[in-house]
Amino acid sequence: MSNNDNDNKLRIIGGNWRRRKISFPEGNDIRPTPDRVRETLFNWLQFEISGTRCLELYAGSGILSMEAFSRGASHITLVEQSRIICSHLTQTMGQLGVRNDQHSIDCTRARDFLTSPALIRYDILFLDPPFDSDELEIVEPLIPGVLHDNSFVYVENSSRPGHTFAGLTRNREGKAGKVFFALYR
């Protein structure tokens, strides 16, 4: 990793925080969604995002949730198992001025979060697990329990996504470099 100050910074590309930079901790194997992919995803969701409740599993940098909130989501929930990253996400929310009633950060594994008894339903779910893991297969059967009938699920992975995921049909898909991504509904 180079010593460039921008190595651990991301730019929010749209909404109220457009062009605002956020940082994320070094050395935690965070692989943020590239700008080009985020721009495509949020173009797909542009008429759907306002007033939504969003869940980002494997939050890492939290950029997908912050992008959604910047564009009008009413509440964001970030799930991340690393305590260091959770602490950093809490600081970032404070710096951005996100009120406590507008977000929650759960420092736990995705599968534990999805099996907790007090779950609510979300309008948009962002799934970007570590590429070299079996996390998608582990959480897929648990996903329907947090969705409404018209919810969207975004999946990012190192292999082409299937036509269906968690009982939903692939609505759109794309590829950027080594990143495959799809939106299900």
Review point. Which residues, counting only those in the range 51-64, are closer than 17 Å to L183 by Cβ and polar (S, T, N, Q)?
Key: T52
Point to revise | Residue check, R109 more than 26 Å from Q46 (Cβ to Cβ), surrounded by fewer than 14 Cβ atoms within 10 Å (Cβ to Cβ), free of Cβ contacts under 8 Å to residues at least 40 places away in the same chain and not β-branched (V, I, T) | key: no
Review point. In the set G72, G60, G94, G51, which member is farther than 16 Å from R20 by Cα and over 9 Å from the mean Cα position of the chain (by Cα)?
Key: G51
Check your understanding: Within the range 26-63, how many residues are in contact (Cβ under 8 Å) with a residue 60 or more places away in the chain, touching a helix residue (DSSP H, G or I) at 6+ places or on another chain (Cβ under 7 Å) and outside any loop (DSSP other than H, G, I, E, B)?
Key -> 4
Check your understanding: Considering the range 15-28 alone, what residues qualify as being open to solvent by 100 Å² or more (accessible area, probe 1.4 Å) and at pLDDT 70 or above?
Key -> N16, R18, R19, K21
Practice item. Among what's in the range 112-157 and is touching an Asp or Glu at 6+ places or on another chain (Cβ under 8 Å) and either farther than 15 Å from E56 by Cα or in a helix (DSSP H, G or I) (or both), pick the residue that is most open to solvent (accessible area, probe 1.4 Å). Key: N150
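The values are calculated or read from the model by the stated rules, or taken from the named source; none is laboratory data. If you're wondering where the values come from, they're calculated on a predicted model, not measured in any experiment. A quick note on method: Cβ atoms are made from the backbone with ideal geometry, for glycine too, and the neighbour counts reach across all protein chains shown. Side chains are part of the model used for accessible areas, which takes the heavy atoms of the whole protein and leaves out ligands, DNA and RNA. Shrake-Rupley method; radii C 1.70, N 1.55, O 1.52, S 1.80 Å.
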